[in-house]
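For reference, the structure is listed below as structure tokens.
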Amino acid sequence: MIGDEESKEGLSEASFAKKSYVAGTTESSRSEYQDEEYSVDPSDAQVFGRTFLTSLFKILKVGSIYEVEHNQTRIASDEFMQFFSQAMARYPEDDISISIRDELAVVNGSPLRLKRKMQGRLNELRDLFAAADIRGLLLRRGLNTDDFLSFLGALKAASKAKTGMEHVQLATIVIDHGQPTRNIIEAVMNVNKAMYVCHVYIRGLVKLKNAHDHVRRTGDADVSTGVIKRIMQSISDLIADEDFTILGLLPLRLVPPDLSSHSFNSAIYGMILADRLGLSPQMISYIGMSIIYQDVDRLAGITVGHRDRDSVLDPSTQFSMNLRDVAKMLPRVKGDVISTLRVLNTYERGCSFEQSVRAPFYKRNRKLHLAPRIIDLCRTYDLLIQGLEGYKTRRPDLAIEYIQARAGSVFDSALVKLMVSTLGVYPIGTTVLLTTGEKAVIVRTPDPSGDPRKPVVRILNQANPMSFDLSDPKYAHIEIAKSVEVDPSEISVSKVFLLS
């Protein structure tokens with residue numbers, strides 16, 4: 001048995017590499033890496049990818065603190081190069097690559113599954129990349145310590161000067177220029193996009209529920225929402241290309257209905273309508289985050305009214321109640337756009353959309369702001385889908401009927417038309433009975449110029465789950481008879497939808 005005095009020769013190559021992996025760090029950080037999984041074998045894509053990410057993070061972190069000539073930088077660089085050399089000895093390809101997009105890391109083409117601690121390292125690594133305007137690296141066989149130290153020096157200089165690294169040319173390191181927080185679709189072009197969208201959506205649900213639980217537990221509404229903001233920005237980037245997938249996820253009730261799922265779904269519906277209105281991507285995410293904050297404020301005791309069934313606000317006390325809640329918010333809001341929308345949503349709460357908002361709210365009459373009109377409509381639709389706050393749970397098409405029946409009286413009729421044209425008469429995710437007797441799920445709404453009763457459907461048949469477009473002339477004999485409920489024990493609608 002090898003004892004404490006074992007020599008390097010007595011260790012296996014992997015064991016010695018593992019010791020080097022945690023060597024050279026401070027005493028406090030050494031334990032952070034000591035018990036982690038480790039692999040220099042690229043054939044184990046996930047473990048190797050996480051090991052590579054951690055190794056790269058360590059050397060870039062050290063390089064951002066110390067000068068290139070410093071002994072700590074040299075030690076960390078030697079450790080990384082030892083790991084890289086051992087990996088290349090086992091790898092049939094001539095290079096190892098890493099690409100970062102927002103909260104996603106891809107090593108050698110494989111998206112990594114990361115736990116919380118590793119996700120934190122990725123976030124720091126992304127910030128180091130962003131400071132130098134790079135979003136990926138390709139390290140070629142033949143990379144040596146001098147080349148890597150040259151890269152570290154150029155990286156540090158670019159981070160300080162904010163000039164980017166387009167001028168840096170190294171034979172063994174190829175730099176992918178650009179911000180690592182943009183163009184998410186580029187990073188997942190080789191991944192099942194529907195599953196990635198589902199991952200982003202569920203991650204948002206979980207993060208927001210954790211935030212709500214924190215507010216309930218502590219009574220403090222000043223909760224960190226940085227990760228949620230990045231998730232909402234990711235969804236904003238995905239809306240243009242993956243709106244059908246996103247819209248299909250919302251009514252599936254992948255988690256038990258509660259305030260957090262309602263808040264997150266309403267935010268996404270609001271962002272989709274804002275996108276259809278042609279608002280800027282930044283303003284789209286602002287709309288979404290204002291809804292998120294509105295429910296955080298609700299947990300702090302600020303009433304969130306819904307124009308459809310709001311029994312809390314009385315006309316004689318509406319202004320004073322709204323002003324009271326605005327005063328509650330002021331210690332927690334700043335001068336940014338999201339804070340302005342938060343205050344505006346509370347200040348104009350309960351005001352009629354078809355009439356001008358008058359004194360005492362404003363000196364001059366003015367129309368209700370667009371944001372509250374969008375939010376009230378989207379909130380009510382989601383409450384109908386989830387069956388919350390006294391609403392009976394409705395299928396998506398029946399929720400659309402409910403909204404349409406109140407267009408012009410409770411909701412802005414122009415926004416209702418926009419919602420119907422976006423979601424369809426039979427929204428994505430609706431389960432229907434066809435005139436052929438088969439059950440199907442709506443997977444894509446018709447084009448705005450097409451027949452709203454002719455969407456794309458996928459048959460709920462595990463043996464033959466075919467999809468077809470009802471607007472295609474060859475399917476003219478098939479129509480939707482009605483929407484129906486489907487027994488979850490009979491078939492998983494969510495599984496059929498995601499595989500469509």
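The values are calculated or read from the model by the stated rules, or taken from the named source; none is laboratory data. What you see is a predicted model, and the numbers here were worked out from it, not measured in a lab. Here the Cβ is made from the backbone with ideal geometry for all residues, glycine too, and neighbour counts use every protein chain on show.
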Failed criterion for Ala414 (all others in (1) modelled with pLDDT of 85 or more; (2) surrounded by 16 or more Cβ atoms within 10 Å (Cβ to Cβ); (3) under 29 Å from Ile375 (Cβ atoms) hold): (2)
Residue in segment 483-500 that is modelled with the highest pLDDT, counting only those that are surrounded by fewer than 11 Cβ atoms within 10 Å (Cβ to Cβ) and more than 18 Å from Leu250 (Cβ to Cβ): Asp487
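This table checks each residue for (1) in a loop (DSSP other than H, G, I, E, B); (2) hydrophobic (A, V, I, L, M, F, W, C); (3) modelled with pLDDT of 90 or more.
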{"site": "Thr25", "(1), (2), (3)": "yes, no, no"}
{"site": "Ser31", "(1), (2), (3)": "no, no, no"}
{"site": "Glu36", "(1), (2), (3)": "yes, no, no"}
{"site": "Pro42", "(1), (2), (3)": "yes, no, no"}
{"site": "Gln46", "(1), (2), (3)": "no, no, no"}
{"site": "Arg50", "(1), (2), (3)": "no, no, yes"}
{"site": "Leu56", "(1), (2), (3)": "no, yes, yes"}
{"site": "Lys61", "(1), (2), (3)": "no, no, yes"}
Looking only at segment 433-442, and only at residues there that are among the hydrophobic types (A, V, I, L, M, F, W, C) and either in contact with a His (Cβ under 9 Å, 6 or more places away or on another chain) or crowded, with 23+ Cβ neighbours inside 10 Å (or both), the one that is farthest from Glu485 (Cα to Cα): Ile442
Residue match in segment 374-381 (condition: within 30 Å of Leu470 (Cα to Cα), among the β-branched types (Val, Ile, Thr) and assigned to a strand (DSSP E or B)): no
Matching entry among Ser280, Ser290, Ser266 (being over 19 Å from Val420 (Cα atoms) and either buried (at least 19 other Cβ atoms within 10 Å of the Cβ) or within 16 Å of the chain's Cα centre (by Cα) (or both)): Ser290
Among residues of segment 211-260, those that are acidic (Asp, Glu), within 19 Å of Asp295 (Cα to Cα) and either buried (at least 17 other Cβ atoms within 10 Å of the Cβ) or in contact with a strand residue (DSSP E or B) (Cβ under 9 Å, 6 or more places away or on another chain) (or both), counted: 0
Failed condition for Asp102, given (1) surrounded by fewer than 20 Cβ atoms within 10 Å (Cβ to Cβ); (2) acidic (Asp, Glu); (3) under 29 Å from Gly204 (Cβ atoms): (1)
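Counting only residues that are part of a helix (DSSP H, G or I) and among the aromatic types (Phe, Trp, Tyr), which one in segment 75-111 is nearest to Ile59 (Cα to Cα)?
Phe80
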